[in-house]
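**Student:** Quick one: the structure is below, questions incoming.
We did not get these values from a lab; they are worked out from the coordinates using the rules stated. Worth saying up front: this structure is predicted, and the values here are computed from it rather than measured. Cβ placement follows ideal geometry from the backbone for every residue including glycine, while neighbour counts extend to all protein chains displayed.
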Amino acid sequence: MFAVVEREGKQYKVSEGDVLDIEALNLDPKKSFVFQNVLLISKDKNTTLGAPYIDGASVNASVVEEYRDKKVLVFKFKRKTGKQVTQGHRQSYTRIKIDTISTKLSNPKTTDEPVEKAAGKVEEKETPKEEKVDTSKQGKDTPNGT
């Protein structure tokens, strides 16, 4: 069983027991939290899609640790002028462990069921017809002066 969850504009594919690094949550280790934005859940051959999220579905996770990644150096150099600028950046991450994936669906929409198409013809709407204006009888007193 796996699920696709969304957090801060990023999507993660998770299963029970997975360890995942996400952007900093600022939570204490051993704390638990819940992903409410579940986009997809797949169990065996049944796949449930949300539009955009699945109602009643959640993914429970616990914080393993908070850490900072290695420093990324940015070096800017302009030749002939002697300009050199060095900048650094360290991203904060939270390592989490996925505990459970739960669904409380009343009427799930699964992709295994065949989609029935409506039999019959598609009705076309009538478009209003434009009236043709006879331009041969226009004289000099018309606004366009012809």
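**Student:** Between Thr86 and Ser102, 0.36 nm times their residue separation minus their Cα-Cα distance comes to what?
**Tutor:** 1.0 nm
**Student:** Report the gain in length on full extension from Lys45 to Phe77: 0.36 nm times residue separation, minus Cα-Cα distance, nm rounded to one decimal.
**Tutor:** 6.0 nm
**Student:** Next up: Please sort by residue number the trypsin sites (Lys or Arg not before Pro) in the stretch 1-101 whose DSSP state is loop and whose Cβ has at most 13 other Cβ atoms within 10 Å.
**Tutor:** Passing sites in the stretch 1-101 are Lys30, Lys31, Lys45, Lys70, Lys71, Arg79, Lys80, Arg90.
**Student:** Size of the dipole of the stretch 2-102 about the Cα centre, Lys and Arg at +1 and Asp and Glu at -1 on the beta carbon, nothing else charged, in debye to 20?
**Tutor:** 1140 debye
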